[in-house]
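Structure, as structure tokens:
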Amino acid sequence: MTRTALITGATSGFGAAAVRRFAAAGWRVIATGRRADRLQALMDEVGADKVHAAAFDIRDEAAMDAALAALPEGFRDIDLLVNNAGLAQGTLPAQTALLSDWRTMIDTNVTALVVLTHRLLPQLVERKGAIINISSVAGVYPYPGGNAYGGSKAFVSQFSLGLRSDLHGTGVRVTTIEPGMAETEFTLVRTHGDQAASDKLYTGANPMTAEDIAESIFYVANLPPHLNINRLEIMPVTQSFAGFQVARDAT
Ligand code: NDP
Ligand code: 8X3
């Protein structure tokens with residue numbers, strides 16, 4: 001039986017790689033994101049029979065509802081929701097960070113994810129489907145400049161555990177994937193378009209790739225139906241933990 005996944009944030013990075021991975025395995029995929037040209041290119045590449053492009057800003061509830069209402073025959077019965085769309089903006093400490101960046105992260109990473117999940121839960125329950133939420137190690141381990149981004153991802157991880165608890169007995173599976181450093185457009189977005197900063201972060205670090213995470217999403221989605229991975233934290237070998245910091249009196 002052909003299954004259908006809705007993957008948000010499919011115009012680049014993890015989401016685009018996941019669309020390719022699922023479609024290659026015979027899934028139908030609804031691919032979302034704001035950049036319609038990229039979604040069209042993905043659809044042209046993979047095939048309109050396998051991918052339906054739905055371009056909308058995920059923070060726009062009316063646009064989301066219109067896109068869901070306009071799903072074509074063959075893409076209406078959603079078995080898997082991959083909440084992947086998201087972003088970090090800024091690396092400044094909280095005391096100098098832009099409130100507008102914080103709002104953008106919370107509106108996208110938290111509020112939009114909650115709204116879309118709420119919209120799809122009834123049919124996911126009906127179909128004994130699955131939800132895979134893309135959180136981050138930033139939601140588990142604090143680091144300077146992580147402030148609202150880390151907070152938004154901690155919400156995603158905890159919300160996922162709460163969903164799993166509420167969905168007890170329904171057969172619906174819920175997993176949080178918490179990746180560490182992966183080279184995508186993430187740092188370009190975080191730095192408001194600073195390609196040099198993005199290159200500097202990843203050069204020589206052997207980071208994870210979008211395909212690594214797409215493969216993990218695919219693995220989780222294709223486990224036998226009696227198994228649920230609650231959370232999956234993944235880092236490149238080159239990344240690990242730093243110690244606490246101590247501020248000392250001037251001597
Ligand atoms: P990318 O920047 O490459 O992709 C982000 C995707 O999110 C894009 O498709 C973008 O589409 C979409 N998106 C962002 N804002 C909106 C919006 N308002 N409406 C609709 N879509 C939106 O980054 P990644 O692939 O790396 O990130 C995917 C997820 O993984 C994010 O949630 C990120 O926080 C998380 N993550 C990333 C890590 C990394 O190191 N790369 C590590 C851990 C987690 P568009 O701009 O076209 O709207
Ligand atoms: C992105 C991973 O470590 O850059 O969520 O915050 S990190």
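The values are calculated or read from the model by the stated rules, or taken from the named source; none is laboratory data. A quick note: this is a predicted structure, and the numbers were derived from the prediction, not measured. Here the Cβ positions follow ideal geometry from the backbone for every residue, glycine too, while neighbour counts run over all protein chains shown. SASA here: full protein model, heavy atoms, side chains in, ligands and nucleic acids out. Shrake-Rupley method; radii C 1.70, N 1.55, O 1.52, S 1.80 Å.
Just the accessible area for His118, please: 1.4 Å probe, Å², rounded to the nearest 10?
The accessible area comes out at roughly 130 Å².
What's the center-to-center distance, using Cα atoms, between segment 63-124 and segment 184-198 in Å?
21 Å
Lys/Arg Cβ at +1, Asp/Glu Cβ at -1, dipole of the chain taken about the Cα centre: which of Phe241, Thr32, Pro207 is farthest positive-ward?
Result: Phe241, furthest along the dipole toward the positive end.
Given a 1.4 Å probe and every protein chain left where it sits, what share in percent of the accessible area of segment 4-233 is carbon and sulfur? Write down the numbers at each step before the final one.
Values: 5740 of 10430 Å².
After summing per-atom areas, the C and S share lands at 55 percent.
Amide H neighbours of Val174 under 5 Å, counting only residues 5+ apart in sequence or on other chains, H built in-plane at 1.01 Å?
Distant-sequence amide H within range of Val174: Ile131.
Give the shape of segment 197-251 as rounded, prolate or oblate, defined through the alpha-carbon gyration tensor: a ≥ b ≥ c are the square roots of its eigenvalues, a/c under 1.5 means rounded, and otherwise the shape is prolate if a/b is larger than b/c and oblate if not.
Values: a/c = 4.70, a/b = 1.84, b/c = 2.56.
Because a/c hits 1.5 or more and a/b fails to exceed b/c, segment 197-251 counts as oblate.
Can you list residues whose amide H is under 5 Å from Gly145's amide H, if they're 5+ apart or on another chain and H is modeled 1.01 Å from N?
Ala94
Using unit Cβ charges (K, R positive; D, E negative) and no other charged atoms, how large, in debye to the nearest 20, is the dipole of segment 29-110 about its Cα centre?
Numbers: 7 positive and 13 negative charges, 60 e Å.
Here the size comes out at about 280 debye.
Quote the relative contact order of the chain in percent (integer), defining contacts as alpha-carbon pairs under 8 Å separated by 6+ residues.
Reported relative contact order: 19 percent.
Over the heavy atoms of Phe75, what accessible area does a 1.4 Å probe trace out, to the nearest 10 Å²?
The accessible area comes out at roughly 10 Å².
Can you compute the radius of gyration and Dmax for the chain, using only the Cα atoms, both in Å?
Here Rg and the maximum Cα pair distance are 18.2, 72 Å.
Compare Glu73, Glu61 by solvent-accessible area with a 1.4 Å probe and give them largest first, with all protein chains kept in place.
On the way: Glu73 150, Glu61 90 Å².
If we order Glu73, Glu61 from most to least accessible, we get Glu73, Glu61.
For segment 4-233, what is the charge dipole size about the Cα centre, in debye to the nearest 20, if Lys and Arg each add +1 at the Cβ and Asp and Glu each add -1 at the Cβ?
Values: 19 positive and 24 negative charges, 79 e Å.
Charge dipole, segment 4-233, about its Cα centre: 380 debye, nearest 20.
In Å, what Rg and Dmax follow from the Cα atoms of segment 84-228?
Rg, Dmax (Cα atoms, Å): 16.3, 49.
So what's the back-of-envelope 222 nm ellipticity for the chain, counting only DSSP H runs of four-plus at -39500 (n - 2.57) apiece and dividing by all residues, rounded to 500? Don't jump to the answer; show the numbers that get you there.
Working: 9 runs with 98 residues, N = 251.
About -12000 deg cm²/dmol.
Residue farthest toward the positive end of the dipole of the chain, with Cβ of Lys/Arg at +1 and Asp/Glu at -1: which of Asn230, Ala10, Met64?
Asn230
Highest first, please rank the peptides 120-133, 15-28 by the mean number of other Cβ atoms sitting within 10 Å of their residues. If you can, show how the numbers build up before the last one.
Details: 120-133: 18.2, 15-28: 21.9.
Ranked by mean Cβ neighbours within 10 Å, highest first: 15-28, 120-133.
Taking only protein heavy atoms and a 1.4 Å probe, what accessible area per residue, in Å², does segment 4-233 have with all protein chains in place?
Details: 10430 Å² over 230 residues.
On a per-residue basis, 45 Å².
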